[in-house]
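> Sharing a structure, written as structure tokens. Questions coming.
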Amino acid sequence: MAGVEYLVIDRQGREHELDLTDLDACPPVAEDPMLKQFILAEEVGHMPHEAPPHIELMRRLELVDYEPASDVGHFRFYPKGTLMKDLIIDWVLDVALSLGAMVIETPTMYRADEPDIRAQAERFIEKDYKLQIGGKTLFLRFAGDFGLFRMMKTVRMSVKQLPVRIFEIAPSYRLETRRECVGLRRMRKFTMPDLHCFCKDLDQAFEEFELLTLKYAELLRGLGLSFVHAYRAERAFYEEHRDFFIRVATELGQPALVQLLPERKHYWALKNEFQYVDSVGKNFQLSTVQIDVEDSERYGITYTDVDGLEKGCIIVHSSPGSIERLMCAVLEEAAKAIRAGGLAKLPTWLSPTQVRLIPIADRHLDYAIRVAEELVRAGIRADVDDRGRTMDWKVREAAREWVPYVGVVGDREVRDNTVMVTIRAKSEPSRPYKVSMTVEELKRTVLSELEGKPRRPHYLPMLLSKRPVFR
């Protein structure tokens, strides 16, 4: 884009000019491989064309697959994939509720002849699914703004209530080209959480922007993800509010790319992005926070000030990222570990099975079931491999599923009320980390990893012999 300039804010808050033709001349970029790769892919245009490994992984792990009877970019989620998706939804919802957000639900389709909706939809004119119903043209939502803004148009708010935070999570649809649809990275149907904050002025919007940026960083790190931080803003806006940009960047504790635009061409005056770089070097956006200076006027959203006058809001748009993209990034993080010669793993709270019990012989099965039931009562997803295969085969299968804690039980364990546990996070590819633990020690160890995270029961039977094969 003509007139666009770049700089980088380092961890100490110092600004560095960035020349896209010589990235290594900028120290924060030269020292940060992920930031450098993001700039190469996003700003320079050096896009890798290798297929992302998460597609093979989501199938092999029996999580997700394409649905051939539907449109391109629509997926079927098997029980383990549905469980992971629901846990991420819970995690996102917990963050919104912790901020005092109010939860709403709005329709999936909208009439194209509504002037305010049409004006906003024109920004995505080639991305919408259109339907003809009763002589009317409708389109499926490609974001959560339409219903939310129409709702807020009729809401009465006073300045004392601001900021008002509204959260919604709902299916969204974008008619991406067939070529653009790649696994969970880009889809035509996806689940989008949106948090909109209605503020009285720019100062309050800055407070919300900072709060949400830091909260979303915490959310992504809770998923085990690293990310690149990028700002986009008009140069004049950046120069006027430089101290704010620097403060937020240093609070995150990592360098930030700043794209300086010659003039504002969007509804937002400031946009923050958390970008992920996958295992093949392709980037995609996860979280975003934006200060919207247009839509309050477009939709007629106002609040009552202390003087009794109706005034327009500043709206802080934000999203931690689509649930499917967050799943994609988690799987790509595991693919990075494999490429580096390590063991792939999921965060324990997100692993479909957190503890697998494997009896050495049939006479140990009852004990394995008792241990699993005790763990389940404590809120741990435990299962038992009771299939008629060898112990070594079952151990290999648990490793193929990336189960974080695999407990083998035999005569000694039954006698001593213990479990011989292999801990995946402490193991190496050729050297499993094994330790004998009491049931209470195992329970305490796993629960410590689940603290502060969402919990759900398993979506599959406890006994593996009762489970069909979905892939």
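The values are calculated or read from the model by the stated rules, or taken from the named source; none is laboratory data. Here the structure is a predicted model, which is why all the values come from computation and not from measurement. Virtual Cβ from ideal backbone geometry, glycine too; neighbours counted across all protein chains shown. Surface accessibility is based on the protein's heavy atoms, side chains included, excluding ligands, DNA and RNA. Shrake-Rupley method; radii C 1.70, N 1.55, O 1.52, S 1.80 Å.
> So if I check each of ALA41, ALA2, which one is outside any helix (DSSP H, G or I), within 30 Å of ARG235 (Cβ to Cβ) and modelled with pLDDT under 95? Working first, answer last.
Numbers: ALA41 fails: outside any helix (DSSP H, G or I).
Exactly one residue qualifies, and that residue is ALA2.
> Within the stretch 1-30, which residues are surrounded by 14 or more Cβ atoms within 10 Å (Cβ to Cβ) and at positive phi?
The one that is surrounded by 14 or more Cβ atoms within 10 Å (Cβ to Cβ) and at positive phi: GLY13.
> Let me ask you something else. Would you mention how many residues in the stretch 433-470 are in contact with a strand residue (DSSP E or B) (Cβ under 9 Å, 6 or more places away or on another chain) and at pLDDT below 95?
1
> Of the residues VAL446, VAL406, VAL384, VAL419, which single one is over 32 Å from the mean Cα position of the chain (by Cα) and either exposed (fewer than 12 other Cβ atoms within 10 Å of the Cβ) or touching a residue at least 40 places away in the same chain (Cβ under 8 Å) (or both)? Give the steps one after another, and end with the answer.
Numbers: VAL446 fails: over 32 Å from the mean Cα position of the chain (by Cα); VAL406 fails: over 32 Å from the mean Cα position of the chain (by Cα); VAL384 fails: over 32 Å from the mean Cα position of the chain (by Cα).
Unique residue meeting the criteria: VAL419.
> What is the number of the single condition among (1) among the aliphatic types (A, V, I, L, M); (2) open to solvent by less than 40 Å² (accessible area, probe 1.4 Å); (3) touching a residue at least 40 places away in the same chain (Cβ under 8 Å) that ALA425 does not meet?
(2) is the only condition that ALA425 fails.
> Which of the residues spanning the stretch 226-244 are open to solvent by 10 Å² or more (accessible area, probe 1.4 Å) and farther than 21 Å from LEU202 by Cα? Outline the logic, then answer.
First, pick out the residues of the stretch 226-244 that are open to solvent by 10 Å² or more (accessible area, probe 1.4 Å): 226-227, 232, 234-237, 239-244.
SER226, PHE227 - these are the residues of the stretch 226-244 that are open to solvent by 10 Å² or more (accessible area, probe 1.4 Å) and farther than 21 Å from LEU202 by Cα.
> Further question on the same structure: Within the stretch 280-303, count every residue that is among the hydrophobic types (A, V, I, L, M, F, W, C), under 21 Å from ASP203 (Cα atoms) and assigned to a strand (DSSP E or B).
2
> Please name all residue pairs, on different chains or six or more residues apart, with Cβ atoms under 7 Å, provided the first residue is in the stretch 250-271 and is within 25 Å of PRO28 (Cβ to Cβ) and in a helix (DSSP H, G or I) and the second residue is open to solvent by less than 40 Å² (accessible area, probe 1.4 Å) and not aromatic (Phe, Trp, Tyr).
Every condition considered, the pairs that remain are THR250/GLY13; LEU252/ALA217; LEU252/HIS229.
> Answer with yes or no whether ARG247 is open to solvent by 20 Å² or more (accessible area, probe 1.4 Å) and more than 15 Å from PRO320 (Cβ to Cβ). Reasoning before the result, please.
Working: open to solvent by 20 Å² or more (accessible area, probe 1.4 Å): yes; more than 15 Å from PRO320 (Cβ to Cβ): yes.
Yes, satisfied.
> While we're here: Search the stretch 38-53 for residues being buried (at least 19 other Cβ atoms within 10 Å of the Cβ) and not aromatic (Phe, Trp, Tyr), and hand back the single one that is farthest from GLU263 (Cα to Cα). Write out each step before concluding.
Within the stretch 38-53, the first condition is being buried (at least 19 other Cβ atoms within 10 Å of the Cβ), and the residues that meet it are 38-42, 52-53.
Next, from what is left, pick out any that are not aromatic (Phe, Trp, Tyr): 39-42, 52-53.
Values: ILE39: 21, LEU40: 24, ALA41: 24, GLU42: 20, PRO52: 36, PRO53: 39 Å.
For the stretch 38-53, the residue satisfying everything is PRO53.
> May I pose another question? Would the stretch 180-189 turn up any residue that is within 22 Å of GLY281 (Cβ to Cβ), among the β-branched types (Val, Ile, Thr) and surrounded by 19 or more Cβ atoms within 10 Å (Cβ to Cβ)?
Filtering the stretch 180-189 down to residues within 22 Å of GLY281 (Cβ to Cβ) leaves 180-187.
Filter once more, so that each one left must be among the β-branched types (Val, Ile, Thr): 182.
With the extra rule that they be surrounded by 19 or more Cβ atoms within 10 Å (Cβ to Cβ), the set shrinks to none.
Scanning the stretch 180-189 turns up no residue that is within 22 Å of GLY281 (Cβ to Cβ), among the β-branched types (Val, Ile, Thr) and surrounded by 19 or more Cβ atoms within 10 Å (Cβ to Cβ).
> Residues of the stretch 449-471 being among the aliphatic types (A, V, I, L, M) and open to solvent by less than 70 Å² (accessible area, probe 1.4 Å), which ones?
Correct list: LEU450, LEU460, MET462, LEU463, LEU464.
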